[in-house]
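These notes are about the structure you will find just below.
Quick note: the coordinates plus some simple rules give every number you see, no bench work behind them. Every value quoted in this text rests on a predicted model; they were computed, and no experiment measured them. Cβ atoms come from the backbone with ideal geometry, glycine included; neighbour counts cover every protein chain shown.
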Amino acid sequence: MKNRKFICLIGLAFMLLTSMSYAADSKEFKFGEILAMTGSGSWYGMTMERGVNIAVDEINKDGGSDGYKFIGVVEDHKSGLTTPAQNAFRKLTSIDNVPAILSSFSAPTLSIMAMAKQKKIIVFNGGATSPKLINIPYLYNTRMLGNEIAPFTLKYLWDMGYRTMATIYANQTAPISLNDAATKYWKKLGGKIVSEQMHETGATDFTSEASIIKAKNPDIIFCPSTGLDVGYVIKAVRKMGVKAPICGTEHSGDMEKVTGDASEGYLFASEFFDVNSDDPWTKRFVSTFKKKYDVDPDFYAANYYELTYILKDLVSRVVAKGGNPLDGSQLEKAIWDDPKFKSIYGGYIKFKKDGTCEKPVVLFEIQKGTPVIVKKQER
Amino acid sequence: MEAVSLFLQLLVRGLITGSLYALLGVSWGIIYNTTRTFHFAHGFVYTLASYLILALVGLSLPLIPSLLVGLTAATMAGCAIEYFAYRPMREQNASQLSVFLTAMGIMIAGQSLILLIFGPDSRPLEGFPERVISLGPVTFTTIDLFTVVLAWTVIAFLFHFLARTKAGMMIRAVSSNPEKATFIGIDSKKIYLLVFGIGSLLVGIASFLATLDRPANPNIGLHALLISFITVFLGGVGNLKGAVIGGLILGVAESLVIMVLPTEYKMIVTFFILFLVILIKPEGLMGKKSV
């Protein structure tokens with residue numbers, strides 16, 4: 001009897017010790033991802049999450065960041081809605097206790113920033129483009145914002161001799177501010193705005209708007225909406241027989257499902273992620289992504305892959321100083337130890353004090369259903 | 001000149017949209033006028049028809065057989081909702097509110113099921129030749145033309161059926177006075193089942209036409225439902241011709257209003273028209289004043 005008790009005691013002690021050592025070894029770094037997982041922009045969420053997943057797999061395979069296993073917790077802002085984004089933020093910070101969040105879309109990102117500042121949660125955006133995302137405490141953008149990419153596209157069309165412009169944009173933060181920036185820039189160049197139409201986000205019927213555009217007969221059409229909205233606009237405008245060039249700031253990989261051939265000639269500027277780059281890190285990412293998902297990664301996937309590695313570096317920096325990487329304010333301070341981070345685009349990206357950074361920007365044109373570079377930005 | 005061209009273009013657009021709205025109106029109106037059931041689940045039947053057609057076309061079945069299967073399924077779904085949900089409730093003298101809540105539950109559950117099975121992505125229906133037709137300042141497509149022709153053919157056939165066939169006359173009898181209709185030997189239960197079948201078939205056709213023009217997503221049913229009942233209340237409850245007129249007015253108003261207001265206010269205008277009609281003529285444009 002005594003022996004049996006003794007064996008049980010040893011067994012219990014063994015279990016306790018092993019669980020303690022497991023707990024000591026299994027440090028976790030949970031971070032949030034508030035992305036568009038459903039709705040008209042669900043394609044963005046899918047590709048961004050893929051980028052993060054590959055980075056997380058690689059980081060954990062290499063033993064994590066200073067022993068911290070990376071775990072991404074995905075939440076859905078339903079393609080740009082602020083209430084789901086705020087609910088996701090509350091869940092991530094009060095239940096999952098994340099110190100950092102990767103966000104996307106302007107309105108959801110802006111809607112969580114007051115809470116992020118209060119709770120000292122660092123937020124990274126690699127997808128939204130509104131110029132309103134500049135100079136916000138605790139927010140860092142690795143996506144080129146609309147104040148740079150919209151004028152780049154418009155100048156190209158201006159130089160081609162186009163002078164009148166019609167705009168059509170979604171009733172969301174980014175499209176509204178992009179429309180504002182674009183119309184001001186076009187007027188500054190000496191151009192004329194013949195019509196400005198705001199549409200409901202997620203709408204699919206743009207025939208009335210296209211009728212107005214047809215009647216106004218503009219030289220070019222600027223549509224800074226996001227997701228499939230752009231596709232529906234293009235389809236409706238072309239169905240009306242309007243042949244003027246259409247440009248925007250976004251191209252989602254599933255747009256051609258909606259437009260078919262109608263997207264031919266659509267122009268948009270964005271970061272240039274070169275899948276044929278010779279950079280060894282880029283090569284490894286491209287090959288892993290292609291192997292896992294059977295497609296080349298786009299710049300959204302690249303941005304969120306890169307952001308996950310920026311988080312890894314920040315965790316390392318905080319740990320090296322003897323700090324706590326689960327504290328968002330310490331992660332934020334660590335950025336300014338050295339604002340340069342290795343970039344998946346090759347070389348380095350450097351954060352500026354206003355929370356932005358610079359990346360190579362190019363102008364794409366859809367040719368035979370594929371984006372083809374027509375102009376590179378000179379810096 | 002620019003304003004005239006725009007007016008003509010928007011008017012034609014409004015008539016195309018109005019034709020679809022008129023079809024949606026009669027599809028819901030025939031059910032409501034006859035059974036006085038606020039069939040909220042009509043939106044689910046609309047979505048179901050669209051997704052079944054899409055799924056079958058996706059499985060490489062040609063468009064016409066897919067359409068026929070989709071319409072049959074929509075008709076059966078409408079009848080099943082009446083038979084298994086509304087009828088037992090009516091037999092237990094359930095309140096209008098209970099029936100409405102049940103219908104809403106079916107709508108939400110059905111929509112969620114479609115979302116679960118097919119995912120949130122938009123799905124275009126391919127296989128119909130689409131070409132642009134320009135007549136002076138007016139542009140439309142072969143799909144628009146097909147929509148107008150089919151919608152009005154179906155509406156004309158429905159009115160002919162109601163006016164000239166025995167079943168149609170029985171529907172009208174139950175619709176105008178269910179108690180008297182029972183006295184003369186009409187089985188109102190069978191008539192209810194018949195109108196749910198007809199209404200669901202019509203909404204299936206409307207759904208097919210709408211999906212030809214723009215891709216479907218799991219939420220399309222709600223807008224279709226809104227249009228359906230606004231059209232009926234606008235035209236006048238109890239008068240199916242009113243639903244047709246209501247649909248046309250709504251389509252044309254929504255289209256023309258963007259000459260003076262931003263397009264995002266289209267839906268506000270729809271409700272404003274409904275509000276005005278209810279305020280000035282509560283029985284609807286073609287409805288009869290109750291004594």
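Largest first and in whole Å, the equivalent-ellipsoid semi-axes of region B:1-61 read 31, 22, 7, each the square root of five times a Cα gyration tensor eigenvalue.
For B:Thr142, B:Thr270, the sequence from fewest to most other C-beta atoms within 10 Å is B:Thr142, B:Thr270. With springs connecting C-alpha atoms under 10 Å apart, model chain A as a Gaussian network and identify which of A:Cys357, A:Cys223, A:Cys247 has the largest mean-square fluctuation. Sorting by GNM fluctuation, first place goes to A:Cys357.
Per residue of chain A, the DSSP helices (runs of n ≥ 4 H) give a summed -39500 (n - 2.57) that works out to -15000 deg cm²/dmol at 222 nm.
For chain A, the relative contact order is 18 percent, taking Cα pairs closer than 8 Å that sit 6 or more residues apart in sequence and dividing their mean separation by the residue count. Once divided by 2.2 N^0.38 Å, the Cα radius of gyration of region A:222-379 becomes 1.26. For chain B, the mean residue ellipticity at 222 nm estimated from helices alone is -24500 deg cm²/dmol, where every DSSP H run of n ≥ 4 contributes -39500 (n - 2.57) and the total is divided by all residues, rounded to the nearest 500. Applying D = kT/(6 pi eta Rh) to region A:49-106, where Rh is the Kirkwood radius over alpha-carbon pairs, T corresponds to 4 °C and eta to 1.567 mPa s, the Stokes-Einstein value obtained is 102 µm²/s. Convex hull volume of the C-alpha atoms in region B:1-130, normalised per residue: 150 Å³.
When each of B:Arg87, B:Arg36 is scored by the number of other beta-carbon atoms lying within 10 Å, the sequence from fewest to most is B:Arg36, B:Arg87. When you restrict to C-alpha pairs under 8 Å that are six or more residues apart and normalise by the size of region A:328-379, the relative contact order lands at 19 percent. Per residue of B:119-132, other chain Cβ atoms within 10 Å of the residue Cβ number 4 on average. Annotated for region A:193-325: lysine pairs at least 8 residues apart or interchain, Cα distance under 19 Å, count 12. Projection of the Cα convex hull of region B:165-291, averaged over all directions and equal to a quarter of that hull's surface, yields 9.9 nm².
Each 10 Å bin from zero holds the following percent of Cα-Cα pairs in region A:258-301: 24, 38, 30, 7.
Size descriptor for the protein assembly as shown, Kirkwood hydrodynamic radius: 27.7 Å (Cα pairs only, one decimal). Spin-label model, B:Ile64 to B:Ala156: label points 7 Å out along the Cα-to-beta-carbon direction sit 2.1 nm apart. Computed over the alpha-carbon atoms, region A:29-145 gives an Rg to Rh ratio of 0.95, Rh here being the Kirkwood radius from the mean inverse distance.
Considering only Cα atoms, the convex hull volume of region A:94-191 works out to 92 Å³ per residue. Within the straight-line cut-off of under 18 Å between alpha carbons, the lysines reachable from B:Lys190 are B:Lys166, B:Lys180, sequence neighbours fewer than 8 places apart in one chain being disregarded. Between A:Trp336 and A:Ile95, the modelled labels are 3.5 nm apart [label points 7 Å from Cα along Cα→Cβ].
Too long at a 26 Å Cα-Cα cut-off: which of A:Lys91/A:Lys333; A:Lys61/A:Lys359; B:Lys189/B:Lys281?
A:Lys61/A:Lys359; B:Lys189/B:Lys281
Sorted from longest to shortest, the spans of the Cα atoms of region B:136-227 along the three principal axes equal 56, 32, 16 Å.
Region A:277-329 and region B:28-44 have their alpha-carbon centroids 54 Å apart. Ratio of Rg to Rh for chain B: 0.97 [Cα atoms; Kirkwood radius as inverse mean 1/r over pairs]. Peptide B:260-266 has a mean shielding of 5, counted as Cβ atoms of other protein chains within 10 Å of each residue's Cβ.
Give me the base-10 log of I(q)/I(0) for chain A at each q in 0.07, 0.08 Å⁻¹, Debye formula, one uniform scatterer per Cα, rounded to two decimals. Results for chain A at q = 0.07, 0.08 Å⁻¹ read -0.34, -0.44.
Each peptide in B:172-185, B:245-258 receives the mean, over its residues, of other Cβ atoms within 10 Å, and ordering these scores from highest gives B:245-258, B:172-185. Cα centroids of region B:101-126 and region A:213-265: 28 Å apart. Per residue of peptide A:201-210, the mean number of Cβ atoms on other chains within 10 Å of the residue Cβ is 6.
Within a 10 angstrom radius of the beta carbon, how do B:Val149, A:Val258 rank from fewest other beta carbons to most?
So the residues, fewest neighbours to most, are B:Val149, A:Val258.
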